[in-house]
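The values are calculated or read from the model by the stated rules, or taken from the named source; none is laboratory data. Given the structure is predicted, the values throughout are model-derived calculations rather than measurements. Cβ: placed from backbone, ideal geometry, glycine included. Neighbour counts: every protein chain shown. These area figures cover heavy atoms from the full protein model, side chains too; ligands, DNA and RNA do not enter into them. Shrake-Rupley method; radii C 1.70, N 1.55, O 1.52, S 1.80 Å.
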Amino acid sequence: MIEQVCRRIHSELETNSNSERRERSANYLKTSRLDFIGVELPDIHRIVTTNIKNLTTDDLPILMKLLWSIKTFETRVAATDVMKEYAKRGDVFMALEIADFWVDEADTWGITDPLCSPTIGILLLRDPKVENVIKSWRKSENFWRRRCSVLPYLYLSLKSQYREEYSQRILDAVTPHISDEEFFVGKAAGWVLRELSKREPELVARYFENYHDKMTELVFREGRMKL
């Protein structure tokens, strides 16, 4: 049954293929070695939502692994959509184990970002022990993994999720990367600081005063945009 759902999702993605979108995605997500079908993100989300509505929570890990094994950008986005639903009510550490494996195979922000925010962010709020795993990613030689050690905290910074007690956790996650010269890591650190500044402008302003001399220009510029 689950294999049939996977095949149906893949087939519907191919039916919604658009050559202009395929070319645009390939040009925009240049770091990725994946093939592109050429499907708009709202269509991916719609196809996944329609096809998983009759599945149980226990069905979802099998489906997401099957979708991930198809090496196209759109099926892997679909896999992260399924993971997002599983993260809300499934086993936290099974979800994190799968996500950890995916991070090793990810080669574009188009995959890492929705995997981190909201999905790993959801896991982080469900069980504080998830934070220990994310901390272990901070010194990885894989810059996508370093990016993924920051972006779950973007989810905690959003207006819909933010609580004052999250502020130090968020800053602690950002600080190891403010001098990281890798563009995709610095961009993530600045993004989280920018979002947090919408909730806590004075706190973030003081943070910039204290850490400005340690920041790359990218982090400084991106993080201060809303101050």
statement: Averaged over all viewing directions, the convex hull of the alpha carbons in segment 91-189 casts a projected area in nm² of 5.8
query: If one takes the longest principal axis of the Cα atoms in the chain, at what angle in degrees, from 0 to 90 and to the nearest 10, does the Cα axis of helix 183-199 lie?
result: 70
statement: If R0 = 25 Å, then Glu3 and Asp104, at their Cβ-Cβ distance, give a FRET efficiency to the nearest 0.05 of 0.55
Distant-in-sequence amide H partners of Asp35 (H built 1.01 Å from N, under 5 Å): Phe73
- prompt: For the chain, what does -39500 (n - 2.57) per DSSP helix run (n ≥ 4), summed and divided by total residues, give at 222 nm, in deg cm²/dmol to the nearest 500?
  reply: -19500 deg cm²/dmol
- request: At q = 0.13, 0.15 Å⁻¹, what is the base-10 log of I(q)/I(0) for the chain according to the Debye formula with one equal point scatterer per Cα and no solvent? Please give it to two decimals.
  value: -0.77, -0.99
- request: Specify the angular offset, from 0 to 90 degrees and rounded to the nearest 10, of the alpha carbon long axis of helix 2-15 from the longest principal axis of the alpha carbons in the chain.
  value: 80
message: Of Thr75, Leu151, Thr57, which is farthest towards the positive pole of segment 1-151's charge dipole, taken about the Cα centre with +1 and -1 on the beta-carbons of Lys, Arg and Asp, Glu respectively?
response: Leu151
- request: Determine the share of the chain's accessible area contributed by carbon and sulfur atoms, expressed in whole percent, with a 1.4 angstrom probe.
  value: 47
task: Report, to the nearest 10°, how far helix 201-211 tilts away from the longest principal axis of the Cα atoms in the chain, using its own Cα long axis and a range of 0 to 90°.
output: 70
field: Positive dipole terminus of the chain, leading residue within Ser160, Leu227, Cys6 (C-beta point charges)
entry: Leu227
- request: Roll a 1.4 Å probe over the protein chains and send me the accessible area per residue for the chain in Å².
  value: 49
message: Which of rounded, prolate or oblate describes segment 52-143 when judged by the alpha-carbon gyration tensor and an a/c cut-off of 1.5?
response: oblate
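With only Lys, Arg, Asp and Glu charged, each at its Cβ (+1 for the first two, -1 for the last two), find how big the charge dipole of segment 1-155 is about the Cα centre; round to the nearest 20 debye.
Values: 23 positive and 23 negative charges, 84 e Å.
Dipole of segment 1-155, to the nearest 20 debye: 400 debye.
Within segment 197-227, list the GluC sites (Glu not before Pro) lying in a DSSP loop whose Cβ has at most 10 other Cβ atoms in a 10 Å radius.
none
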message: Could you work out the percent of alpha carbon pairs in segment 136-227 separated by over 18 Å, rounded to a whole number?
response: 35
- prompt: So how compact is segment 148-187: Cα radius of gyration and Dmax in angstrom?
  reply: 10.7, 31
